[in-house]
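Worksheet: the structure to be examined is printed underneath.
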Amino acid sequence: MITKSIKKDFPILSRKVGKKQLVYLDNSATTQSPKVVIDSLTDFYTNHRANVHRGIHMLSEESTVMYEQSRKTIAHFFGVTPSEMVFVRNTTEASNLVAFTFLQTLKKGSTVMISEFEHHSNLIPWQIACKQLKLNFKTAPVNSEGELDLNFIKNSDFSFIAINHISNFLGNINPVHKIIEIAKEKKAYVYIDGAQAVARVPLNFKKLDCDFYSFSGHKIYGPFGIGGLYVKKQILESMPPFMTGGGMIVDVGIKKSSFLKDSEGYDAGTPNVGGSIALASALDYVTQVGIKEIAKHEHAVLTYMYESLLKVSGVEIYGTKKVSNRAGLVSFNLKGVHSHDLASILDGEGIAIRSGTHCVIPMHKKLNISSSARASLALYNFKEDVDVLIEGVKKSKKILGGYNV
Ligand SMILES: Cc1ncc(COP(=O)(O)O)c(C=O)c1O
């Protein structure tokens, strides 16, 4: 069981915002790091910093071993081999990497499908790549609660589908197992954007049997600037390179070069060595706490947050009404109040939430709203944090007077 003492692992949570205690509920934007992760970053820069795969001196050897060990830890955490775990800066880089490499291998005129409620980073790269490569671009519709039309997907022709595992706007957990099953029947490839899922759902990419799965380290208690992209071995072997240069070659000639055909083939230039080491230590931390425990704990707090917000008159919640199909976050509006005004009043109470369109403008347009407020959870949030949020929302209602209190 996760107890409140876990908050002590995260130095930033003891911060004050003005005179108020920080209540951090913006975890879908980024999670906070425990001290062990910060320490591992400091240790690397203090004691081991050197470039990798390039020197034979002791520091370079140490740094290389630590870097490759971190790839092993990260790959094993998700049930795959290190040669299938490509390092990227973040989820956005992962979708761009696949869009501008793998999509080249599809036949002209093939169809790429996404859903109507993707984060812009799981939309724009496919939009642009499809245009450049003369591929068709199709979107699978969702209803007003963000539930995917699986029949549409089943009855459509496509060669590649990119879909979020958990929506960063609506919090819906998508039926990725079903989507993978449908895609396999069509011999289509599946890319899953796991930015919101990795810290909330126990995952084994091999068992899931998707072709690509992407995530950002900063959304699973790791540092900024490092993330992962799982690519199935057989695909990686025939995928064209993305960034090119040092560190990803087999041989180089003036007119022609050959490249590594595994995860290191996507390591052009000096990698984020400290970042990958700190990400591995974040995953070790998650393993120690237990991802199943985290999922259970977060879902209990989420249910409480959803139900508490529902009870506040004037609050409109977006996403599925089936709370068992939701994870980690609730987006909502207070009638007559702009989400930025609400977030600003809450900030005065020490509460950090997100407001705006959360990089999901098309779905906001579909719901006919200009913006929304989003409260999102992590393993260190408890019902007490939700109580502070609810008091803050009620206070905002009084101050802003948008709704008849
Ligand atoms: C579902 C989803 N996909 C992609 C991203 C992009 O992540 P990053 O900014 O780390 O690249 C986010 C970030 O919020 C997200 O929630």
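Points worth noting:
- Among the residues of the stretch 140-158, not one is within 16 Å of the ligand (Cβ to nearest atom) and without any contact (Cβ under 8 Å) to a residue 24 or more places away in the chain.
- Only residues that are touching a residue at least 60 places away in the same chain (Cβ under 8 Å), surrounded by fewer than 21 Cβ atoms within 10 Å (Cβ to Cβ) and more than 16 Å from the ligand (Cβ to nearest atom) were counted across the stretch 99-121, and they come to 3.
- Filter pass, Leu135 being touching a residue at least 24 places away in the same chain (Cβ under 8 Å), in contact with a helix residue (DSSP H, G or I) (Cβ under 6 Å, 6 or more places away or on another chain) and farther than 30 Å from Val330 by Cα: no
This table checks each residue for (1) among the β-branched types (Val, Ile, Thr); (2) on the phi < 0 side of the Ramachandran plot; (3) within 16 Å of the ligand (Cβ to nearest atom).
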| site | (1), (2), (3) |
| --- | --- |
| Leu41 | no, yes, no |
| Thr46 | yes, yes, no |
| Val52 | yes, yes, no |
| Ser60 | no, yes, no |
| Phe77 | no, yes, no |
| Glu93 | no, yes, yes |
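- Only one of the listed residues (Val37, Val23) is touching a helix residue (DSSP H, G or I) at 6+ places or on another chain (Cβ under 8 Å), farther than 20 Å from Gly225 by Cβ and surrounded by 15 or more Cβ atoms within 10 Å (Cβ to Cβ). That residue is Val23.
- Selection status of Ser371, within 16 Å of the ligand (Cβ to nearest atom) and either within 24 Å of Val176 (Cβ to Cβ) or crowded, with 22+ Cβ neighbours inside 10 Å (or both): no
- The conditions of being away from the ligand (no atom under 12 Å from the Cβ), buried (at least 21 other Cβ atoms within 10 Å of the Cβ), of a type in the set (Val, Ile, Thr) and not in a strand (DSSP E or B) are not met by Ile161.
- The residues in the stretch 50-71 that are surrounded by 14 or more Cβ atoms within 10 Å (Cβ to Cβ) and out of contact with any Ser or Thr (no Cβ under 7 Å at 6 or more places or on another chain) can be counted, and the count is 8.
- Selection count where residues are outside any helix (DSSP H, G or I), aliphatic (A, V, I, L, M) and farther than 22 Å from Asp387 by Cα, scope the stretch 328-376: 3
- Residue within the stretch 277-287 that is of a type in the set (A, V, I, L, M), under 21 Å from the mean Cα position of the chain (by Cα) and more than 18 Å from Leu229 (Cα to Cα) present: yes
- Figure legend. Inter-residue proximity from the stretch 182-211: first residues assigned by TED's automatic domain parsing to the domain that holds Leu283, second residues away from the ligand (no atom under 16 Å from the Cβ) and polar (S, T, N, Q), beta-carbon distance below 6 Å, spacing 6+ or different chains. Indicated pairs: Ala188/Ser159.
- Filtered residue count, the stretch 348-362, keeping only those that are under 18 Å from Val142 (Cα atoms) and hydrophobic (A, V, I, L, M, F, W, C): 3
- Any hit, the stretch 152-159, residues being hydrophobic (A, V, I, L, M, F, W, C), touching a Ser or Thr at 6+ places or on another chain (Cβ under 9 Å) and under 23 Å from Phe332 (Cα atoms): no
- In the stretch 45-73, the residues that are farther than 17 Å from Leu279 by Cα form Cβ pairs under 7 Å with partners that are of a type in the set (Ser, Thr, Tyr) and part of a loop (DSSP other than H, G, I, E, B), at six or more places apart or across chains, as follows: Asn51/Thr270.
The values are calculated or read from the model by the stated rules, or taken from the named source; none is laboratory data. Computed from a predicted structure; not experimentally measured. Glycine also receives a Cβ, built like all others from the backbone with ideal geometry; neighbour counts cover every protein chain displayed.
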